[in-house]
Structures are given as C-alpha cells and as structure tokens.
Protein chains: 2
Amino acid sequence: MSNKIRSEMDELRRRLQIVNDLNGAGAVLYWDQATYMPSGGTAARGRRMATLTRLAHERFTDPGVGKLLDALQPYAESLPADSDDAALWRVTRRQYDRATRVPADFMAEITAHASESYDVWTHARPANDFAAVRPFLEKTVALSRGYADFFPEIDHPADAHIAEADYGMTVAQIRPLFAELQDALTAMTDVISRREPVDDAMLRQAYPIDAQQAFGEKVIRAYGYDFKRGRQDLSPHPFSIALAIDDVRITTRFKERDFNEGLFSTLHESGHAMYEQGIDPALAGTPLADGTSAGVHESQSRLWENMVGRSRGFWRYYYPRLQAAFPDQLGRVEEEAFYRAINKVMRSLIRTDADEVTYNLHVIIRFGLAMDVLEGTVSVADLPAVWHARYEEALGVRAPDDRDGVLQDVHWYGGLMGGSFQGYTLGNIMGAQFFAAAVAQQPAIPEEIARGEFGPLHEWLRANIYRHGSKFTADELLERATGGPLQLGPYLEYLRKKFGEIYGEL
Amino acid sequence: MSNKIRSEMDELRRRLQIVNDLNGAGAVLYWDQATYMPSGGTAARGRRMATLTRLAHERFTDPGVGKLLDALQPYAESLPADSDDAALWRVTRRQYDRATRVPADFMAEITAHASESYDVWTHARPANDFAAVRPFLEKTVALSRGYADFFPEIDHPADAHIAEADYGMTVAQIRPLFAELQDALTAMTDVISRREPVDDAMLRQAYPIDAQQAFGEKVIRAYGYDFKRGRQDLSPHPFSIALAIDDVRITTRFKERDFNEGLFSTLHESGHAMYEQGIDPALAGTPLADGTSAGVHESQSRLWENMVGRSRGFWRYYYPRLQAAFPDQLGRVEEEAFYRAINKVMRSLIRTDADEVTYNLHVIIRFGLAMDVLEGTVSVADLPAVWHARYEEALGVRAPDDRDGVLQDVHWYGGLMGGSFQGYTLGNIMGAQFFAAAVAQQPAIPEEIARGEFGPLHEWLRANIYRHGSKFTADELLERATGGPLQLGPYLEYLRKKFGEIYGEL
C-alpha cells in the first residue's frame, strides 16, 4: 500500500469514525429515552436526536467522502473482494451513492413528518381513530413515492425502501417467494385448524416477574449473550440496540399472566444482540460494524427464539429447571403439554403474538397492502376496510376495530412505507436455511442444545454470519454459509416436521 | 427589531442550539457511563464523548459565530443589560472570545492528556503510587501554565482557570478572603477541639439502604426537586447533571453503616439540580441555560445540604419521621443527640467527609498548594511531602499515605490545575449570604422549614438565582439578590451561632 493510499484510507476511516460516533451517541439517547428518561425530557431529547442524525448525515454525505472514494477506487478494486478494505470501500460507496441521491431538504422533511406522524399515531391507536392519522399516512405515501423518484432505475417504488433495509432484494423477487410461502402456510393452517386444539391455559397462570426475568437471563447467558458487553432493562416495547460493538443492550417486557411474552421476547432480542456483539472488532467505527440487512438480523432473533428456544431439545434440558423456578405453576404440568402450549397454532389478530405458522401470513398481508397503496390500487382512505377484508381472506379473522387493524403496527406511522415488513419473513426463511446448514455441517448441534450447550451453534453463527458485519450482502452470506441462494425449502421442511409432530401430518 | 437583526439573532440561536444539543447529548453519555453502562462500553464511550466535545467546540468557535456577534453588538448594547438578548450576546461574546484564544490543537492536547492522566490516577490512588502520576501531573502543570499564556493580561496563571469556573474572581481577590476565613475557622476549630466531643456512634449502626433511599427521596420531593424532570440513581461518586433544563438528574451512593453519606449527598445534589431545573425555559438551548459559576452552584448544594438539611428546624419536623423509618436504630435516640451527631466537628483527613467548620480548611490547603505549584515555589516532586506538612499545620492531622494525601481528589488528575477548588469555599460563603438575604426578606422561612415547608425558600431562590441561569455573573447575582458584594460576615455569623449552640460560645 502506498503512503498516499494509506493516508487516504486513514482519512476515510477518520471521517467514518465521526459519523459512527454521532450515530452511536444517538443510540445512547434512544436507549435512555426508552428506559429511564423522565417524561420532562421528551422535547429536548427529540431535538438532540434529530441534531445528531442531521450532523451524521451531513458528515457522511460531505463531498470530501466522495472524493476519497473516487481516489481509492483503483486500490479497492485491486484487492480480493472479501478483504476488509475492499468491503469497506464497496459498502461505503453504495451507502454514499444512495445517501447523496436524496437532497438533504427532502430527508429533513421526511424526518420531521415521521416524528409528527408517530406522535399522532400514539394517540390515535388507543382512540381507534384512523381519521386522525389518515392525512399523515397520505403524506407518508406521497413522501415514499417521492423518495423512490430519486431512484429512476428501479422497477417498483418500494424497491427504493426495500434496498435500505434488505439490500439486494426487490419486489419482483419477493412477490413470488411470498406467494409460494402463503399458499403453503394457508394449507398448513387449514389442516391444523381442523385438528384437536392445544391447551395453553397453564401459560396464563401468575408467574412472578422477578423469577421470569431471572430465568430468561440464565438462558441468554447460556446462549452466549455477553453481559459484560451489554445489559437487559425493561421497556414498553422490547428492542435490541448497539451503542457500540462492545455495548449491545436489550430490553424486554414481562406480563405476569402471559409466560410467553417475557421469555420469548428476551430470547428474540438476545439473537439480535449476539449478532452485533459478534462483529469483528476490526470493523468497529465503520459502516461495516452493523448487521447486513433486516432479514439477516431477524434470522438471528427468530433462530434463537424459535428454532432453539421453542424446540423440544431446548426444553428437554430447561423444562426441569423451569419447573424448579415455578413449582406451583408447572410442577404438575408434563413437559410435552408445556412444549405444545408454547407452540400452539391459532389464527389470531396480533402479528407480534402470532405463532410460527401463522406469523408470516400477518407479514404478507402488510407487505401486499403497502405494495397496493404505493401502486395506487388501494387508497389510504380504503385501507382500514381492505385490511379487514385481507385478514378475513388470509386468516379467517376480523379485528373488531382499527386499533387492532390498520393501526396495529407503528411501522407505517413512523417513517416511510414499503420497506419495513419484508425483513420479518425473509428472516424466518433465512433463519431456517442457516440453521439447516449449521446442523448439516455439525450434526451434533441438536444434541448439544438438548444438553443446554449452545457454544458450538453460537460459534458457527459467529464464524459464518456475525463476525462479517455488513461486509457481505444477505445473498453473499447465504451463498458463503449455506452454499446456495435463498431457498424456501428448509423453512417449510422445518415447519412441517415440527408442527406435524404436534398436530399430526401436515 | 429590524428584520436583519431578527434573522441574525435567529441564526445565532440556531448555531448555539446545535452546540447545546451536542453538549446535552454528551451529558447523556456521561450519565449513562456513570450509572448503567456495561464495562465493555468504556473504550467506545470515551471516544464518542471526545467527538461530541470536539464538534461542539468546533461549532462554537466557528468564525461565523464571531461575525454574528460583531454584527449584533450595536443591537445588544442598545438593550437594557438585564434583557435576555443582551445577556445572551454578552455571555456568548465572553465565552467565544475565551474559547477562540486557545488553539484547537492545544485544547485537543489538554483533553487527551486529561483522559490519560485520569486513567493513571484511578489505578495509582488505590496503589498509593504517587510516582506513577508524577510525570502526568508535571505535564498537567505545564499545560496549565501554557493555557494561561494565551491570556497575557492576567496577573496570575491560575486566573485563567478560575475565570472558566468562577468568572469575575481572581487570585488577588480570593487570597485575602481565604486568609481571613482560615484564621477564623482555625480559631473555631481550636476552641471546639478543647470542648466535650460529640458522640455520633448512632450514625454507624446498620441502616437498610432501601429505607435510606426512600427517606432521602421524600425529603428532596419536599424541597421541590421535580422527579418528572429528573431522577435519582446510584453511582460510585454522587453528582448532578443537566441533560436538559427539563431533565436534570442526580446520583447518590449509600453506605449501610454511615447514615450521613447517603442522605446528605442526596440533599447536596438536589441543591445543584434544583438550580438547573429552575432556569427560565426561555433561556433553553443557549449558553445562558447553565449555572453561572462553580461558586453559585455550590452555594445551592451547600445551602440545601447544610443550612437547611443540617438545621435544627429541619430536624424538628423530620426527626420523628426518621425515627419512624428507623425505629430500631433511632427509637431511643433523642433529637438533640442526633442533631449534634450529624453536626459533629472533627479534624479529619478526607475533604468530602469533613464537617462544616473544618471543610473549608481542606479546600484552602488545596487552593494554596495549586497556587504554589503554578508559581513554581513548590515542585510536583515535593507535593506529597508539602501536602502532609500543610495538613499538619492547618488541621493537625497527617494522612498515613498519599492515597488520602495528594492522591485524594480527582481534580488535579482529570484536567488542568488552578481553577477547581475555590468554588467550594466561595459557594459556602455565598450560600450563607443568600440564605441570610432570603430570611431577612422573608422572616418566616425558618419557621416554615421547621414545619417541613420549603416552598417559600425554594421560590425565593428560584426568583433571585435559579431562573437567571448565566444571565448574571456571581457578583451581579449577589448584588441583585443580597444588595451588596461577596461578604464573609454572614457565613462566619452562621457558623458561630450554629456551632456555638452545640459546643458553647466560639
């Protein structure tokens, strides 16, 4: 490496480090707001976070960054594609080009609108008042289309938003994949709905919250979540957030009479967090020190929550321990009855409470609605009614109001429309594909899980996924780790086997 | 106001708001680090905080700010001196001129050195290893002198540092004031040391920490600390910090067998915090939204800790309540015995544990040593020995080692030398002067305190001190609130009366 190149790389890293520091500081402010901030702090906090975001964006889109990227192109292209410097150049170039396409004023309008819209939604949802959010949602749709206009090369307006979350995916790829998945899930759900229902009443006894928290903490420690480089707190909506590679925190909420809520959200968030904790320290301070896509991130949360945490093997080890923690509640409940209860399949109204079989139907409804709205075939005014119709059609249930209908999720009310749901289902699909590859390469993994040993699985995921951060796209990661592109097969096979055992052949 | 002036004022406020946002974000990071941050977060956190500080400094010292100040001078000088705009211009001008005197590179060297030096001290103190910090302290002295060289108009190198913390004060003013105070305190201490010692053994029983915390919280709520705009947490070293005017937090530490520690540090920090919570919201986002000096800040913490919280009247109301909270520990202890115990005077080694009479002797020793070191009459190498000698001379005690000697306080190891101690004693003096003025104007205040009513005192302090933020200097505030300049009289009178009642005439 010549001195000139070295000093240009240093300068690029220096500039990226400042952006990373501003974003990392913003993460601390976000975490604090969601956990401990007194209510009086709200107004100033919103402004401070907006300032940090704006300064980070200004610094990242500075023409000096573009000049360095231009100057470093020959060097980057001379390196093996999987070298850190090549990946750093490639990912920064891509993000820089996307970020500089959209004028700062337009971005500021989006940010201001998103914050206002979110505020209105927080009041409108409890009041079941779609009329209050309607004008804001209409503006969201207009801004989402306007944003897409800065990317004239794309086929569908949602592609601009999907690329932000799941780079490499497009509407054209997702639609057939989701259609095939929907057919399969609908068929499974239909069969299951005709079988004997599972009794899960034991999950709604009183489970003291301290003991729930202690149990969850013990499990995620065993998973390999590092409490020296993270912590767990309570918040109204569970989340995971990286304040730095060595400070990745999770939050959970517990309900005394809903055992699933606390434990499985803990396991879910620990999966997100272990991904970020596992990133190679050499990537710190750069755009590579981040999960590579919403889908890959979700693959890890769902893998640890469901494929591990709701598996027979896991409970073979943990159920006696859970019984010891809750002898009054579970002392006389058989392991098999408990296992079936936490895996109960039921058509329901709320996405975040849905079981593994029906969950993706909720996501696919939302994805489809967003596409139709962006294309203009469904108007915002009609959205509440169409929501109900699609739920009846796909799940056979109808919410009594808009609160649990079109107002259910924050996503459309806190940003743009079109890129925020596909990651959940892509994550489920990828999670199964990664897990199948891990087991194929290390067949002892299921037995290890049944002994409460998660080290080998964690290590496989770290080596194949976590450490790379954003060096590789989701497609590249899949190719490297599983030997092929995204496939639905392992996921459907996983669901059929697991739920076939519980409900009879599917 | 012309449109031009209006738009220049708006632009100045906009720029200052960004600086305020960066500093406010830095405060969140600091608070988090001191309370909840996992140990893994340390390295990234230090860098992120340094980045925020640097960006805030860059933005504040931007030549654009100077041009706006120049352009706005005629307007500012046309206003009454106590108008918000005049004060904003005046204080920003002063801070800008000071900040732009010192080159950014020199400031960066100071920041880097301070952080390194602090790290070394945290290990050197427990190891009683002055040799480890000596080279760092020598560099601190060199940097402190070098910093002062950018202010050639001052009489003493420490004046540059005193002006940062206690603008308007100089070594020439402080020295005779401290000399007079030292004589008076030494005389009082000598007399008291010949009187019957007070028994404070009851304070070293086991006081369950939850109950200590609940009691302290009840008191500061009654004081008027607003928990909707603040919160209390635990940290190794208690502090108060403004994340915003509407989010001012305090931390405390409790010791089970040292009753004084938890309660009085809670009351102390609540005084700092109520000052910041009481700033006029119209000043938010500007340099005026801050306490005006270290001395005035300390006047408020000491006033609420000592003049209120260690007063007879306070305990007339609260002692029965404290007995109810700790019946086993205090049920058979008389109010008078408890009152004497929390006000026990004793020559001791540790500044932060010292009583009201001897406390300032600790401060005056440190202030004098810093002056001598900056003047070159005491070398850093000799500092440990001179420390012990001065303690023997002024307090008649000698620490067994440097841990409780020259290594005792962080101040010289976490920044520059020469401006960090005078504020404590200035605060004690001013606190008595403010309190005397409040009582002179509202003679019912002592009786109100004895009924647990703190509203009128709080309101007087808010109206005369808190709401002004940094609009007025300490001298101006004293003049406006007490009708005269800084005076030692009220403080000595307060001490003589209070401790004369306990120990016999002084």
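Here is how the numbers come out for the structure above:
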read-out: Count - residues of the range A:252-266 that are buried (at least 24 other Cβ atoms within 10 Å of the Cβ) and of a type in the set (D, E, K, R); value: 0
read-out: Unmet criterion (only one of (1) out of contact with any strand residue (DSSP E or B) (no Cβ under 6 Å at 6 or more places or on another chain); (2) without any contact (Cβ under 8 Å) to a residue 24 or more places away in the chain; (3) within 14 Å of chain A (Cβ to nearest Cβ)) for residue B:319; value: (3)
read-out: Among the residues listed as A:269, A:217, the single one being of a type in the set (Asp, Glu), crowded, with 18+ Cβ neighbours inside 10 Å, on the phi < 0 side of the Ramachandran plot and not in a loop (DSSP other than H, G, I, E, B); value: A:269
read-out: The range B:466-482: number of residues that are of a type in the set (Ser, Thr, Tyr) and not in a helix (DSSP H, G or I); value: 2
read-out: Residue that is farthest from residue A:225 (Cα to Cα) [pool: residues in the range A:272-284 that are assigned to a loop (DSSP other than H, G, I, E, B) and in contact with a strand residue (DSSP E or B) (Cβ under 9 Å, 6 or more places away or on another chain)]; value: A:284
read-out: Qualifying residue in the range B:259-271 (condition: within 14 Å of chain A (Cβ to nearest Cβ), under 28 Å from residue A:48 (Cα atoms), within 17 Å of the chain's Cα centre (by Cα) and not polar (S, T, N, Q)); value: no
read-out: Residues of the range B:210-251 classified as away from chain A (no Cβ under 14 Å), in contact with a Gly (Cβ under 7 Å, 6 or more places away or on another chain) and over 26 Å from residue B:451 (Cα atoms), total; value: 0
read-out: Identity of the residue in the range A:46-77, among the polar types (S, T, N, Q) and farther than 17 Å from residue B:51 by Cα, that ends up nearest to the other protein chains (Cβ to nearest Cβ); value: A:61
read-out: Residue list for the range B:358-381, restricted to those being of a type in the set (A, V, I, L, M, F, W, C) and over 17 Å from the mean Cα position of the chain (by Cα); value: B:365, B:369, B:370, B:371, B:373, B:374, B:378, B:380, B:381
read-out: Count of the range B:156-197 residues which are surrounded by fewer than 19 Cβ atoms within 10 Å (Cβ to Cβ) and over 20 Å from residue B:426 (Cα atoms); value: 7
read-out: Where a residue in the range B:386-402 is in contact (Cβ under 8 Å) with a residue 12 or more places away in the chain and its partner, wherever it lies, is among the polar types (S, T, N, Q), with Cβ under 6 Å and at least six apart; value: B:401/B:128; B:402/B:128
read-out: Subset of the range A:32-45 (residues that are aliphatic (A, V, I, L, M), assigned to a helix (DSSP H, G or I) and either at the interface with chain B (Cβ under 9 Å from one of its Cβ atoms) or crowded, with 20+ Cβ neighbours inside 10 Å (or both)); value: A:43, A:44
read-out: Residue within the range A:15-31 that is without any contact (Cβ under 8 Å) to a residue 60 or more places away in the chain, within 9 Å of chain B (Cβ to nearest Cβ), more than 21 Å from residue A:280 (Cα to Cα) and in a helix (DSSP H, G or I) present; value: yes
read-out: So residue A:91, is it part of a helix (DSSP H, G or I), under 16 Å from residue A:410 (Cβ atoms) and among the β-branched types (Val, Ile, Thr); value: no
read-out: Members of the range A:85-137 found to be closer than 30 Å to residue A:467 by Cα, surrounded by 14 or more Cβ atoms within 10 Å (Cβ to Cβ) and either polar (S, T, N, Q) or within 25 Å of the chain's Cα centre (by Cα) (or both), listed by number; value: A:87, A:88, A:90, A:91, A:92, A:93, A:94, A:95, A:96, A:98, A:99, A:100
read-out: Identity of the residue in the range B:205-214, part of a helix (DSSP H, G or I) and touching a residue at least 60 places away in the same chain (Cβ under 8 Å), that ends up farthest from the chain's Cα centre (by Cα); value: B:211
read-out: The lone exception for residue A:485 - which of (1) part of a helix (DSSP H, G or I); (2) closer than 24 Å to residue A:88 by Cα it fails; value: (1)
read-out: Residue identified as of a type in the set (S, T, N, Q) and closer than 30 Å to residue A:5 by Cβ among A:140, A:100; value: A:100
read-out: Number of positions in the range B:92-128 that are of a type in the set (Asp, Glu) and within 30 Å of residue B:472 (Cβ to Cβ); value: 1
read-out: Qualifying residue in the range A:147-169 (condition: under 30 Å from residue A:317 (Cβ atoms), of a type in the set (Val, Ile, Thr) and more than 14 Å from every other protein chain (Cβ to nearest Cβ)); value: no
read-out: Residue under evaluation residue B:92, criteria (1) away from chain A (no Cβ under 14 Å); (2) out of contact with any Pro (no Cβ under 9 Å at 6 or more places or on another chain); (3) not small (Gly, Ala, Ser), criterion not met; value: (2)
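Rundown of residues vs (1) in contact with a Lys or Arg (Cβ under 9 Å, 6 or more places away or on another chain); (2) modelled with pLDDT under 95; (3) not basic (Lys, Arg), yes/no style:
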{"residue": "A:4", "(1), (2), (3)": "no, no, no"}
{"residue": "A:7", "(1), (2), (3)": "no, no, yes"}
{"residue": "A:13", "(1), (2), (3)": "no, no, no"}
{"residue": "A:18", "(1), (2), (3)": "yes, no, yes"}
{"residue": "A:21", "(1), (2), (3)": "yes, no, yes"}
{"residue": "A:42", "(1), (2), (3)": "no, yes, yes"}
{"residue": "A:45", "(1), (2), (3)": "no, yes, no"}
{"residue": "A:53", "(1), (2), (3)": "no, yes, yes"}
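The values are calculated or read from the model by the stated rules, or taken from the named source; none is laboratory data. Please read all numbers here as calculations on a predicted model, not as lab measurements. As a convention, Cβ positions derive from the backbone with ideal geometry for all residues, glycine included, and neighbour counts pool all protein chains shown.
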